[in-house]
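Participant: Next up is a structure, given as structure tokens.
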Amino acid sequence: MARYTGASCKLCRREGQKLFLKGERCYSNKCSVDRRPYAPGMHGQQRKKLSEYGIQLREKQKAKRFYGVLESQFRKYYEMAIRKKGITGEVLLQILESRLDNVVYRMGFGTSRDESRQLVTHGHFLVNGRRVNIPSYLIKEGDVIEVAEKSKKIERFKEILDVTGGKVVPKWLEVDQENMKGRVISLPEREDIDLPIQEHLIVELYSK
């Protein structure tokens with residue numbers, strides 16, 4: 001599957017805000033958004049007034065970049081949200097939050113979603129006792145996610161926990177950092193999702 005391989009910091013600058021794609025770097029004075037708070041490219045410092053469509057498109061792009069998914073997969077999630085009960089935009093965010101790579105990140109077992117995605121792909125996590133290496137795997141209420149026994153000895157996990165040790169875990173999750181294990185108490189509600197996304201704009205874009 002194709003994936004963006006360019007500089008992550010350019011994506012943050014394009015959206016004009018931190019997307020926290022680089023983990024620890026995003027919290028340091030090396031963050032590109034703080035150092036160069038304008039869009040990349042030779043015309044990046046020019047102010048442009050966006051049309052209604054442009055505003056909706058930027059919101060969709062921002063959501064895709066937060067969660068690290070491409071257009072075809074994002075569209076699939078939107079179609080899933082339409083078929084479910086509830087407000088489409090909120091259900092869409094709930095589905096995105098339910099991705100295994102995002103849950104690993106939210107539990108503090110990765111410093112960024114990108115790192116969490118890589119760790120999942122490399123087979124370092126178990127879901128309900130079974131190894132899962134698909135970042136897009138959708139977790140369910142009651143699922144138990146844990147670092148595989150052999151992987152617990154890897155130095156990188158100790159470094160990650162040193163960084164994320166003080167991180168606030170969302171109330172829909174519970175985490176046992178000492179045993180590198182967590183459980184999904186419930187699926188997230190809209191108020192549990194702290195990302196600055198106006199999901200109604202995404203729904204308006206796809207509804208055209």
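Participant: Let me confirm something: among Lys76, Lys64, which residue is in a helix (DSSP H, G or I), closer than 26 Å to Leu126 by Cβ and free of Cβ contacts under 8 Å to residues at least 12 places away in the same chain?
Facilitator: On inspection, the qualifying residue turns out to be Lys76.
Participant: Of the residues Ile145, Ile134, which single one is under 30 Å from Lys60 (Cα atoms) and crowded, with 17+ Cβ neighbours inside 10 Å?
Facilitator: After applying the criteria, what remains is Ile145.
Participant: Condition first: surrounded by 17 or more Cβ atoms within 10 Å (Cβ to Cβ) and under 17 Å from Phe66 (Cα atoms). Can you find one or more residues in region 149-167 that meet it?
Facilitator: No - not one qualifying residue is present in region 149-167.
Participant: Please work out which one of (1) surrounded by 17 or more Cβ atoms within 10 Å (Cβ to Cβ); (2) of a type in the set (Gly, Ala, Ser); (3) not assigned by TED's automatic domain parsing to the domain that holds Gly110 is the condition Ser207 fails and give its number.
Facilitator: If we test Ser207 against (1) surrounded by 17 or more Cβ atoms within 10 Å (Cβ to Cβ); (2) of a type in the set (Gly, Ala, Ser); (3) not assigned by TED's automatic domain parsing to the domain that holds Gly110, just (1) comes out false.
Participant: Would you point out which residue out of Val104, Val120 is in contact with a strand residue (DSSP E or B) (Cβ under 7 Å, 6 or more places away or on another chain), outside any strand (DSSP E or B) and buried (at least 19 other Cβ atoms within 10 Å of the Cβ)?
Facilitator: After ruling out the rest, the residue left standing is Val104.
Participant: Going residue by residue through region 194-202, is there one that turns out to be in contact with a strand residue (DSSP E or B) (Cβ under 6 Å, 6 or more places away or on another chain), surrounded by 13 or more Cβ atoms within 10 Å (Cβ to Cβ), in a loop (DSSP other than H, G, I, E, B) and not hydroxyl-bearing (Ser, Thr, Tyr)?
Facilitator: For region 194-202, residues in contact with a strand residue (DSSP E or B) (Cβ under 6 Å, 6 or more places away or on another chain), surrounded by 13 or more Cβ atoms within 10 Å (Cβ to Cβ), in a loop (DSSP other than H, G, I, E, B) and not hydroxyl-bearing (Ser, Thr, Tyr): absent.
Participant: A follow-up question, please. Kindly evaluate Glu115 against the criterion of being assigned by TED's automatic domain parsing to the domain that holds Arg75 and either without any contact (Cβ under 8 Å) to a residue 24 or more places away in the chain or within 16 Å of the chain's Cα centre (by Cα) (or both).
Facilitator: no
Participant: Now for a separate question. Looking at Leu93, Leu50 in this structure, which one is assigned to a helix (DSSP H, G or I) and either over 16 Å from the mean Cα position of the chain (by Cα) or crowded, with 21+ Cβ neighbours inside 10 Å (or both)?
Facilitator: Leu93
The values are calculated or read from the model by the stated rules, or taken from the named source; none is laboratory data. Since the model is a prediction, treat every value here as computed from it, not as a measurement. Cβ atoms come from the backbone with ideal geometry, glycine included; neighbour counts cover every protein chain shown.
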